[in-house]
Amino acid sequence: MQSNFPKIPFILSVSFFLISFAVLLYFFRETNSNVNKSQLAETELYAETAKRSEVQILNNSINKIESERVNLETHFAKSSDVVPFLDTIEALASKVGAKAEVSSVDIPKDSAGLMVGLKASGSFSSLYKFLTLMENSSYELEIVSINLRKEEGEKISLWSALFKIKLLSFTQ
């Protein structure tokens, strides 16, 4: 007995079905792989966006406190800012009618700070006002010693002073 069932079309359709199923499985796996990669990229994007927004917030905060930072830095003298500091001290003397000049500058090895020797001359009140201005300046100063004496033979009451001050807010 001979079968009426066509074998060749059946084999072709089964092989086509298996190939189609294999292709479908391949595309399904590739799609899942792409979804996973997409989710990973999206997570990285959110993390990067969060970092950028944090940086932007920090930049805005820094910009808001910039004037305060500049004001704070005026209270400290760096080694490159010694000359402006000395000019400021000499200018304080001229504001009160005294004359001051720097006689020595030294950076001690054993302690932090900057030692400055000043020679000043003027009336007693102008020297006293000069001392008060130095104590109230924006720099943290320690008056180490003062040698105050009245000049002899002057009709006008002229006083001279030797100040030894230590700039505590000195950064190297």
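Taking the Cα atoms only, what angle lies between the long axis of helix 82-95 and the longest principal axis of the chain, rounded to 10 degrees?
Between the helix axis and the principal axis of the chain, the angle is about 40 degrees.
Can you compute the FRET efficiency between Ser94 and Ser67 using 1/(1 + (r/R0)^6), with r the Cβ-Cβ distance and R0 = 25 Å? Round to the nearest 0.05. Before the final figure, lay out each step's value.
Working: r = 28 Å, r/R0 = 1.13.
Computed FRET efficiency for Ser94 and Ser67 comes out at 0.35.
How much of the DSSP beta bridge set in the chain is antiparallel, as a percent to the nearest 5?
Working: 25 of 27 bridges.
DSSP beta bridges in the chain are roughly 95 percent antiparallel.
Which of the following values of percent of Cα pairs over 21 Å apart was calculated from the structure shown: [x] 42; [y] 69; [z] 54?
Evaluating percent of Cα pairs over 21 Å apart on these atoms matches [y].
Listed here are the pairs Lys64/Lys129; Lys64/Lys166; Lys95/Lys150; Lys129/Lys166; which of them are more than 26 Å apart at the Cα? Mind showing how you got there, number by number?
Values: Lys64/Lys129 36 Å; Lys64/Lys166 33 Å; Lys95/Lys150 21 Å; Lys129/Lys166 19 Å.
Beyond 26 Å: Lys64/Lys129; Lys64/Lys166.
None of the figures in this text is laboratory data; all of them are computed from the coordinates on show. These figures come from a predicted structure and were not determined experimentally. Using ideal geometry, Cβ is built from the backbone for each residue, glycine included, and neighbour counts are taken over all protein chains shown.
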